[in-house]
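Inspection log for the structure reproduced underneath, given as structure tokens.
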């Protein structure tokens, strides 16, 4: 029997019985937000768009650099030359891959002032971030608004991922209890990262999102999955009891310290950049105005998203 045209391109996954036509239709009506479009986020966004998720929102503050190309699959040298933001470059690629899905790129730094707006109306949140402050913020907004989210992180040849189903499973706060201070944990700058582990962890994240979006929430993992590719090990850690064992303010009392702004700094170590971002709440500036002010200082180049200043000496 022939499939409707909009299902025909997905026939290989529709034939998987645990997804099926009904699951595919749910996917096509689903909305996912990928927060961070670097290594993990680009793989996850690519997988979700190819799978036919109806809307994929991509939020990232960064732009494409040459050092990204080793592991961030949606970008190429032309994106570096054009100095494109990752969200914009990713959207260009994904629209060419699947014109049937809506890609919503947003160039923004996710913080307590905008995270609820960005995640509003989404059916699942996928973690593509590179810092724990943003992850704890996502944890808060997911719990407050009952949005499933999938945590993931990679370093070296190791990665881990965990699915959080609000009201059902342990959350990130149950798992970690305290957020590591900015700069206190290794990054890909200091410890390095191998491309294959990114693909493994992001693929698991994407599949967890697909389970949730397709109406197969009951099949979502209740484990913390840790993969170490260099040593060829996979561990599944049972975290099902943590929610009852830990006095988590977010889970137990609905206290969202990160979302309220009571916790969190205005600095972030940028993975792979040997740099620290300083954020000033509410601050904004016109790139055109700034370019005029800096014109006498050095060579200024800019596009609608980015301004660079090159100073001799």
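None of the figures in this text is laboratory data; all of them are computed from the coordinates on show. Just so you know, these numbers come straight off a predicted model, no measurement behind them. Cβ: placed from backbone, ideal geometry, glycine included. Neighbour counts: every protein chain shown.
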- Message: Tell me the mean residue ellipticity at 222 nm calculated for the chain from its helices only (DSSP H runs of n ≥ 4, each -39500 (n - 2.57), averaged over every residue, nearest 500).
- Response: -10000 deg cm²/dmol
- Task: Determine the relative contact order of the stretch 1-92: mean sequence separation of Cα pairs under 8 Å and six or more apart, normalised by residue count, in whole percent.
- Result: 24 percent
- Using mean Cβ contacts within 10 Å as the protection proxy, how do 45-54, 242-251 order, highest first? 45-54, 242-251
- Message: What does the C-alpha gyration tensor say about the overall shape of the stretch 105-145? Classify as rounded when a/c is under 1.5, otherwise prolate if a/b is larger than b/c, or oblate.
- Response: rounded
- Given 5 Å bins starting at zero, what is the percent of C-alpha pairs of the stretch 16-151 in each, up to the one with the largest pair distance? 2, 11, 21, 22, 19, 13, 7, 3, 0
- Note on the structure: Restricting to Cα pairs under 8 Å and 6 or more apart, the percent relative contact order of the stretch 5-265 works out to 20 percent
- Message: Sort 178, 168, 208 by Cβ crowding within 10 Å, fewest neighbours at the top.
- Response: 178, 168, 208
- Pairwise centroid distance, computed over Cα atoms, of the stretch 142-193 with the stretch 64-92, Å: 25 Å
- Message: Order these by the 10 Å Cβ neighbour count, fewest first: 27, 207.
- Response: 207, 27
- Note on the structure: Cα-based Debye curve of the chain sampled at q = 0.07, 0.09, 0.11, 0.16 Å⁻¹ gives log₁₀ I(q)/I(0) of -0.28, -0.47, -0.70, -1.43
- Return 262, 9 ranked ascending by Cβ neighbour count within 10 Å, so the fewest neighbours appear first. 262, 9
